Amino acid sequence: MAYFEARNVNLHFSSFHALRDVSLSLEKSDVLVICGPSGSGKSTFIRAINRLAGPLSGGAMSFDGADLARMPARDLHRRIGMVFQRFNLFQHLTVLDNIALPQRRVLGRSKAEARARAMALLERVGLAEKASVYPVQLSGGQQQRVAICRALAMDPAMLLFDEPTSALDPEMVGEVLQVMRELAASGMTMIVVTHEMGFARELASEIAFLESGQVVEKAPPGEFFAHPREERTRLFLSQILHHQAG
Amino acid sequence: MLSDAYDLFWQYQDTYLAGVRNALTAAGLGLVLALMVGLLVGMVRFTSRGRLGKAMAVYVSLVRNTPLLVQVYFIYFGLPALGLTLSAFWTGVLALTFNSGAYISEMVRGGLNAIPKGQTEAALALGLNQRLLLAKVLLPQAAPTVLPAVTGQFVQLIKDTSLLYTIAVLEITKAADDVGNETYQFLPAYLVSCVLYIGICVVLNLLVDLYESRAGFSKHKRA
Ligand SMILES: Nc1ncnc2c1ncn2[C@@H]1O[C@H](COP(=O)(O)OP(=O)(O)OP(=O)(O)O)[C@@H](O)[C@H]1O
Ligand SMILES: [Mg+2]
């Protein structure tokens with residue numbers, strides 16, 4: 001059994017069938033990249049892992065040998081972290097407190113311990129001097145790096161990223177991708193929804209292409225880019241690569 | 001007439017001041033209790049789509065769709081029927097609490113609803129439970145918008161205390177009425193109560209404004 005596995009996952013929003021028999025898996029320390037057109041169900045899939053999308057209407061997901069549906073919410077959220085498109089930093093807390101609060105309240109770490117961990121992480125992403133400012137005083141790229149620190153501070157075993165760079169100005173995309181690159185190099189298991197095909201080519205163990213709630217194609221990056229099997233994948237790739245080149 | 005009112009006030013200042021004291025106390029107690037009721041009901045309605053949430057919704061719409069005077073009578077005559085006897089003053093406080101609690105719950109719910117969903121999602125994704133989500137993430141962010149409205153509710157409460165006159169609580173209106181009955185100078189007697197209401201409410205509104213500009217300032221500092 002793979003480290004993370006989704007088998008024939010189905011999900012409905014009332015009568016709308018948002019995920020159709022989605023089966024995806026990855027091994028420990030792998031990076032799974034998910035791409036696909038808007039509305040294809042990418043967010044829904046990774047939010048379903050984290051119970052932010054409502055219950056599955058079919059299929060199952062397992063993580064580290066355990067059925068995700070049966071895992072207590074606390075364990076699940078502690079072991080699987082998430083980074084959002086719009087960062088979602090707590091607006092009323094400083095950068096340091098954003099990272100320290102969940103550690104203290106969920107993991108029960110002491111204030112000193114939580115702050116030390118937060119500072120170490122901020123150091124690592126080059127934002128130590130921003131520890132005492134509020135999120136609105138940061139650029140998008142800086143906010144996203146803080147959000148990654150906040151998730152990392154919980155010592156998750158896997159991280160989910162939902163288009164972590166698509167709300168950023170182009171000049172800030174690089175700094176966030178660099179942090180993710182280092183994470184992947186350190187062996188973090190990651191599921192990343194992104195259209196940064198350079199990132200996917202370089203780091204993905206596997207790329208999945210979703211459309212209308214279905215996995216149209218999945219393959220290692222070499223194969224995915226060089227020999228896409230499906231016509232729809234080819235079309236999508238030509239559009240997105242053309243767009244990113246231009 | 002103004003000078004008549006002036007004379008009346010000094011002549012009957014004990015009565016008037018007792019009225020002011022009672023009105024302020026009733027409104028103050030009402031506010032504190034209503035704040036607790038409002039927070040609780042607002043949070044329940046924000047989180048629960050179930051039976052409890054529905055029950056709270058019924059309470060709020062009952063209060064919003066009936067006159068306060070009817071609510072006062074209802075509690076005044078209803079409590080003894082349930083075997084509970086409270087003084088007129090505490091009956092009044094209870095009525096004010098019941099009434100303001102519903103309005104404050106709507107302010108709380110509105111404040112919570114106005115916070116972007118991403119804040120809740122991030123908190124849940126980090127493993128915070130509902131209680132922590134509310135206490136550490138949502139309420140602190142709702143507070144700067146909800147608190148000024150709640151302070152405004154205090155002004156409303158002061159004016160609402162006049163209805164406690166109907167259950168014989170000596171508040172400002174009852175004081176004016178007593179003075180009028182004794183002197184047959186009703187208009188000047190009520191003029192005094194008018195000035196008292198205006199004085200209290202203007203001062204309170206100024207405090208609210210001051211508070212709001214302060215809150216706006218600190219919000220801006222953060223924002
Ligand atoms: N809470 C919801 N209620 C109803 N429908 C929803 C809900 N969330 C998503 N959907 C629908 O499910 C489909 C998939 O949405 P999803 O957000 O997963 O797409 P996506 O692939 O992430 O798209 P994008 O690239 O625009 O982020 C869309 O048609 C969307 O309208
Ligand atoms: Mg999406």
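Just how much of B:SER48 is accessible, in Å², when a 1.4 Å probe is used and the result is rounded to the nearest 10?
30 Å²
When a/c reaches 1.5 or more, the comparison of a/b and b/c decides; with that in mind, is region A:92-157 rounded, prolate or oblate per its Cα gyration tensor?
Verdict is prolate for region A:92-157.
Which of the three applies to region B:1-134, rounded, prolate or oblate, going by the alpha-carbon gyration tensor with a ≥ b ≥ c and a/c under 1.5 meaning rounded?
Since a/c reaches 1.5 and a/b is larger than b/c, the shape of region B:1-134 is classed as prolate.
Hey, what's region B:153-205 come to in accessible area per residue, 1.4 Å probe, Å²?
Heavy-atom SASA per residue in region B:153-205 reads 43 Å².
Within the protein assembly as shown, what percent of beta bridges assigned by DSSP are antiparallel, to the nearest 5?
Of those bridges, close to 55 percent are antiparallel.
Which residue, chosen from A:TYR134, A:GLY187, A:SER23, occupies the Cα position most advanced towards the positive end of the dipole of chain A, where the dipole is computed from +1 (Lys, Arg) and -1 (Asp, Glu) charges on Cβ about the Cα centre?
With unit charges placed on the Cβ atoms, the residue in question is A:TYR134.
Need one value: the accessible area of B:TYR211 in square angstrom, 1.4 angstrom probe, rounded to the nearest 10.
90 Å²
Rank B:CYS194, B:ALA142, B:ALA123 by how far each Cα sits towards the positive end of the charge dipole of region B:67-223 (+1 on Lys, Arg Cβ; -1 on Asp, Glu Cβ) and give me just the farthest.
So the residue furthest toward the plus end is B:ALA123.
A:ALA66's amide H: which non-local residues (gap 5+, or another chain) put their own amide H closer than 5 Å, with H modeled 1.01 Å from N in plane and none for Pro or chain starts?
none
Rounded to the nearest 5, what % of the DSSP beta bridges within chain A are antiparallel ones?
Antiparallel bridges make up about 55 percent of those DSSP assigns within chain A.
In debye, nearest 20: dipole of chain B around its Cα centre with unit charges on the Cβ of K, R (+) and D, E (-)?
Around 1600 debye, computed over chain B.
Ignoring ligands, DNA and RNA, how do A:ARG232, B:ARG49, A:ARG181 rank by accessible area with a 1.4 Å probe, largest first?
The ranking, largest first, comes out as B:ARG49, A:ARG232, A:ARG181.
In region B:108-208, carbon and sulfur make up what percent of the accessible area (probe 1.4 Å)?
With neighbouring chains kept in place, the figure for region B:108-208 is 67 percent.
With a 1.4 Å probe and all protein chains in place, put A:LEU93, B:LEU33, A:LEU210 in order of accessible area, largest first.
Accessible-area ranking of A:LEU93, B:LEU33, A:LEU210, largest first: B:LEU33, A:LEU93, A:LEU210.
Carbon and sulfur: what percent of chain A's accessible surface (1.4 Å probe)?
So the carbon and sulfur contribution to the accessible surface is 48 percent.
Enter the mean number of other protein chain beta carbons within 10 Å of the beta carbon of each residue in B:131-138, as an integer.
The per-residue average across the peptide is 3.
Give me the count of lysine pairs in the protein assembly as shown whose alpha carbons sit under 26 angstrom apart, restricted to pairs 8 or more positions apart or on different chains.
Value for the protein assembly as shown: 20.
Given the protein chains as shown and a 1.4 Å probe, how many square angstrom of A:LYS28 are accessible, to the nearest 10?
130 Å²
Under the Karplus relation 6.51 cos²θ - 1.76 cosθ + 1.60, θ = phi - 60°, what is the ordered set of whole-Hz ³J(HN,Hα) values for region A:115-132, x standing for Gly and Pro?
Along region A:115-132, the couplings run 5, 5, 5, 4, 4, 4, 5, 4, 3, 4, 9, x, 10, 4, 6, 9, 3, 9 Hz.
Amide H neighbours of A:GLY59 under 5 Å, counting only residues 5+ apart in sequence or on other chains, H built in-plane at 1.01 Å?
Result for A:GLY59 returns A:ASN10.
Hey, in the GNM for chain A with a 10 angstrom Cα cutoff, which one of A:VAL146, A:VAL173, A:VAL95 fluctuates hardest?
In the Gaussian network model the winner is A:VAL173.
What total accessible surface area, summed over both chains, is buried at the interface between chains B and A, computed with a 1.4 Å probe and given in Å² to the nearest 100?
Counting protein atoms only, the buried area is about 1800 Å².
What does the charge count around A:PRO228 come to, taking other residues whose C-beta lies under 10 Å from its C-beta (Lys +1, Arg +1, Asp -1, Glu -1)?
Computed value for this residue: -1.
With +1 on the Cβ of every Lys and Arg and -1 on the Cβ of every Asp and Glu, and nothing else charged, how large is the dipole of the protein assembly as shown about its Cα centre, in debye rounded to the nearest 20?
920 debye
The values are calculated or read from the model by the stated rules, or taken from the named source; none is laboratory data. Worth saying up front: this structure is predicted, and the values here are computed from it rather than measured. So basically every Cβ, Gly included, is an ideal-geometry build from the backbone, and we count neighbours across all protein chains shown. The accessibility values were calculated without ligands, DNA or RNA, using every heavy atom of the protein model including side chains. Shrake-Rupley method; radii C 1.70, N 1.55, O 1.52, S 1.80 Å.
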